[in-house]
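Student: Sharing a structure here in structure tokens format.
The values are calculated or read from the model by the stated rules, or taken from the named source; none is laboratory data. Small disclaimer: the values here were computed from a predicted structure and weren't measured. Glycine gets a Cβ as well: all are built from the backbone with ideal geometry, and neighbour counts include every protein chain shown.
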Amino acid sequence: MEWLEVSTENCTVRRTLDVVGEKWSLLVLRDAMNGVRRFDDFRRHIGLSDAVLADRLRKLVAAGILDTVPYQESGRRTRNEYRLTGKGWDLWPVMLALKQWGDHYTADPAGPPLDVYHSDCGEPLHTVVTCADGHGPLRPREAGTRPGPAARPLSRTDHER
């Protein structure tokens, strides 16, 4: 079965984008990975409305990417902080890859606004692709694709989309 003969109804890229593929969700994740935890701080730093932020936080919590932790400042009502779960931190390499691409193609002439580095040696981090056997970094021409265990043939209804 070739790629164009495979149904994309259960595509994991599609499903991932349904969860985190919206601009504001990615910016919430960016900030959470950089230590932002409180609603007002997300709102102020990202610059989006209360309604949009509340919706994105709710969706990320429902997806198990963020968790809520109650806190209370003296004399104020209890509120929630938002913390990345293990599932959320598993998106870190994806966010680094997006940042690396952006640093190369979209950064200001002076450079990127944030450097991410190895805390032991101080050198910048780079995302690379390796195989499970440790070969790499690999380039696109060194990779292949084949239908996976959940691949289904393209159906008539797939053609009608």
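Student: When you go through (1) within 20 Å of V20 (Cβ to Cβ); (2) of a type outside the set (D, E); (3) free of Cβ contacts under 8 Å to residues at least 12 places away in the same chain one by one for N34, which number turns out not to apply?
Tutor: Against the list (1) within 20 Å of V20 (Cβ to Cβ); (2) of a type outside the set (D, E); (3) free of Cβ contacts under 8 Å to residues at least 12 places away in the same chain, N34 comes up short only on (3).
Student: Among the candidates G21, G47, which residue alone is out of contact with any His (no Cβ under 7 Å at 6 or more places or on another chain) and surrounded by fewer than 11 Cβ atoms within 10 Å (Cβ to Cβ)?
Tutor: Numbers: G21 fails: surrounded by fewer than 11 Cβ atoms within 10 Å (Cβ to Cβ).
Just a single option satisfies the conditions, and that option is G47.
Student: Kindly list, by first and then second residue, each pair from a residue in the range 137-150 that is within 12 Å of C11 (Cα to Cα) to a residue that is assigned to a loop (DSSP other than H, G, I, E, B), limited to pairs with Cβ atoms under 8 Å and residues at least 6 apart or on different chains.
Tutor: If the second residue must be assigned to a loop (DSSP other than H, G, I, E, B), the pairs left are P147/M1; A150/N10.
Student: Now for a different question. Just checking, which of D31, D40 is modelled with pLDDT of 95 or more and within 23 Å of R77 (Cα to Cα)? Explain how you work it out, then say what you get.
Tutor: On the way: D31 fails: within 23 Å of R77 (Cα to Cα).
One residue alone meets the criteria, D40.
Student: Which one of these is touching a Gly at 6+ places or on another chain (Cβ under 9 Å), within 20 Å of T16 (Cα to Cα), surrounded by 10 or more Cβ atoms within 10 Å (Cβ to Cβ) and in contact (Cβ under 8 Å) with a residue 40 or more places away in the chain: L60, L91, L98? If you could, list the steps in order and put the result at the bottom.
Tutor: Values: L91 fails: touching a Gly at 6+ places or on another chain (Cβ under 9 Å); L98 fails: touching a Gly at 6+ places or on another chain (Cβ under 9 Å).
When all the criteria are applied, what remains is L60.
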